[in-house]
Amino acid sequence: MSPRPILLCAGVAALAALAASAPTLHADTVAFTGGTVHTVSGPVLSNATIVVTDGKITAVGAGIAAPAGARDIACAGKHVYPGLIASNTVLGLIEVSSVLGTNDMNETGNVNPNVRAEVEINPDSDLLPVTRVNGVTSALSIPQGGAISGTSALIHLDGWTQEDMTVRKPVGLHVRWPSLSINRAWWETRSEEEQKKAREEAIQAIRDAFEDARAYWTARDAEGKGGIPRHDRDVKWDAMGRALRGAIPVMFHANSLNQIHSVLRFVDEQKLKNVVLVGGTDAWRAADELKARDIAVICEAPQSLPSRSYEPYDEGMALAAKLHAAGVRFCISDGGGSTNARNLPYEAAVAAAYGLPRDEALKAVTLYPAQILGAGDRLGSIEPSRSPTPRICAA
């Protein structure tokens with residue numbers, strides 16, 4: 001294998017030195033001095049200084065003097081990066097899968113748009129520091145289960161409470177598109193017709209939810225006009241309002257090409273304005289259409305096996321490079337886990353080894369996920385106005 005993964009890992013895999021040692025910054029001024037600063041959004045700065053005041057970066061550059069009275073953290077010989085962002089996880093929602101009391105990621109029922117990830121976060125989860133120590137300092141926590149799982153939240157991986165940890169909420173409404181393939185494995189007991197019927201029922205359930213929510217909001221918006229009475233509130237349809245208006249994206253979990261095409265037809269049918277694809281194993285096959293629609297892809301883990309027996313072994317490893325070459329907005333995830341979220345820098349390294357330029361691989365786990373998740377003005381790069389700053393890490 002090419003040595004490039006090792007080189008990239010050396011740069012980003014052990015990003016925890018400052019994350020573990022940096023102080024919690026509130027009303028003081030801290031200067032990180034003498035390091036090689038990878039701003040991500042701009043050039044790499046040698047022997048640079050980062051000044052942080054009241055929890056925000058106020059200055060970045062070479063030759064900047066630390067303000068009088070600032071706490072000086074020497075970074076000479078270190079490479080300073082923005083914290084990595086895991087864009088597809090269940091961090092904070094599950095601890096031990098076999099212990100139901102620690103599992104908050106799956107709710108009963110098939111349509112649960114009102115489930116909010118941020119109120120289910122466990123700030124004391126042992127998985128958070130384990131992930132943080134490898135340079136991953138923020139994560140999108142996504143509820144699971146059902147056809148419409150609820151809304152996700154972008155969180156920092158440290159904090160005392162969910163209010164302290166939450167960067168942005170809600171980030172997106174998550175819809176899990178059913179498989180459109182016929183399963184002929186020996187353990188599948190349903191006939192082909194039964195599988196097709198179940199598939200159509202699953203899609204219809206999603207369609208009914210969107211149409212019911214749209215009718216609900218039409219009625220609510222009409223209240224008080226022409227004698228139209230007040231309508232009772234419904235938390236399910238309330239939760240879908242932002243997604244229907246395009247204020248937050250509808251994040252469709254789909255991998256195969258037929259799923260992606262089916263999702264795009266549904267997007268047209270429902271006139272959805274803001275859409276993100278999660279998974280997207282076959283997204284490169286529909287790259288032209290995704291680019292034309294400006295639909296971003298949160299990629300599956302590059303270190304994943306091909307989904308079909310006849311595909312080359314590096315199908316997943318080369319996905320990010322193919323999307324980049326096609327001009328599709330994308331970011332790299334670890335595939336949606338919790339215990340393996342710490343492996344995110346290695347996923348970026350593998351993508352770099354299989355065709356993705358190294359600077360793009362770094363952006364794919366920092367700036368690009370921040371932009372896709374609506375936090376590009378706060379996370380993903382080192383530049384003035386970015387906050388909060390304890391997520392600056394060094395290797």
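Carbon-plus-sulfur fraction of the accessible area of the chain, 1.4 Å probe, in percent?
Details: 8990 of 17280 Å².
Carbon-and-sulfur percentage of accessible area, whole number: 52.
Just order 228-234, 303-309 by mean Cβ neighbour count inside 10 Å, highest at the front, would you? Don't jump to the answer; show the numbers that get you there.
Numbers: 228-234: 10.0, 303-309: 12.3.
My ranking of the peptides, most packed first, is 303-309, 228-234.
Before I look further, what does the chain give for accessible area per residue, probe 1.4 Å, in whole square angstrom? Could the numbers behind the result be given before it?
Values: 17280 Å² over 395 residues.
On a per-residue basis, 44 Å².
In whole Å, what is the distance between the alpha-carbon centres of region 69-136 and region 157-205?
Using only Cα atoms, the two centres lie 21 Å from each other.
Calculate the spin-label point distance for A292 paired with N110, positioning each point 7 Å from the Cα along the beta-carbon direction, and give it in nanometres.
Between N110 and A292, the label points sit 3.3 nm apart.
Within straight cross-link reach of K273, meaning Cα distance under 26 Å, which lysines are found once same-chain residues fewer than 8 apart are removed?
Result set, ordered by chain and number: K169, K236, K291, K322, K363.
I need the peptides 343-352, 180-189 ranked by packing, meaning the mean over residues of other C-beta atoms within 10 angstrom, with the highest value on top. Write out the running numbers ahead of the final one.
Working: 343-352: 27.0, 180-189: 9.5.
Going by the mean number of other Cβ atoms within 10 Å, highest first, we get 343-352, 180-189.
Just to check, using Stokes-Einstein with a Kirkwood Rh over alpha carbon pairs, what's the diffusion coefficient of region 24-112 at 4 °C and 1.567 mPa s in µm²/s?
On the way: Rh = 16.1 Å.
Result for D is 81 µm²/s.
Residue by residue through region 127-144, which ³J(HN,Hα) values in whole Hz follow from phi under the Karplus form 6.51 cos²θ - 1.76 cosθ + 1.60 (θ = phi - 60°), with glycine and proline marked x?
For region 127-144, the Karplus-derived couplings read 6, 5, x, 4, 6, 5, 5, 9, x, 8, 10, 9, 8, 8, 9, 10, x, 10 Hz, x marking Gly and Pro.
Quick check: from the Cα gyration tensor, does region 308-376 come out rounded (a/c under 1.5), prolate or oblate? Write down the numbers at each step before the final one.
Numbers: a/c = 1.73, a/b = 1.25, b/c = 1.39.
Oblate, since a/c reaches 1.5 and b/c is not below a/b.
I'd like to compare 248-257, 361-370, 125-134: which one has the highest average count of other Cβ atoms within 10 Å, and what's the full order after that? Intermediate values should be presented prior to the final figure.
Details: 248-257: 22.4, 361-370: 26.7, 125-134: 19.6.
The packing order, highest mean first, is 361-370, 248-257, 125-134.
Between L257 and R190, what is the label-point separation in nm under the 7 Å Cα-to-beta-carbon projection?
Inter-label distance under the simple model: 2.5 nm.
What's the FRET efficiency of K273 with R230 using the Cβ-Cβ distance as r and R₀ = 30 Å, to the nearest 0.05? Provide the component values of the computation, followed by the final result.
Working: r = 28 Å, r/R0 = 0.94.
Rounded to the nearest 0.05, the efficiency is 0.60.
I'd like the projected area of the chain, averaged over all directions, using the convex hull of its alpha carbons. Report it in nm² with one decimal. Kindly include the intermediate steps, with their values, before the conclusion.
Numbers: hull surface 90.0 nm².
Over every viewing direction, the Cα hull of the chain projects on average to 22.5 nm².
Rounding to the nearest 20 debye, state how big the charge dipole of region 149-279 is about its Cα centre with +1 on each Lys and Arg Cβ and -1 on each Asp and Glu Cβ. Display every interim value, and only then the final one.
Working: 20 positive and 19 negative charges, 70 e Å.
So the magnitude is around 340 debye.
The values are calculated or read from the model by the stated rules, or taken from the named source; none is laboratory data. Everything quoted here is computed from the prediction, not taken from an experiment. Here Cβ is always computed from backbone atoms with ideal geometry, including for glycine, and neighbour counts include all displayed protein chains. We work out accessible area using only protein heavy atoms, side chains counted, and drop any ligands, DNA or RNA first. Shrake-Rupley method; radii C 1.70, N 1.55, O 1.52, S 1.80 Å.
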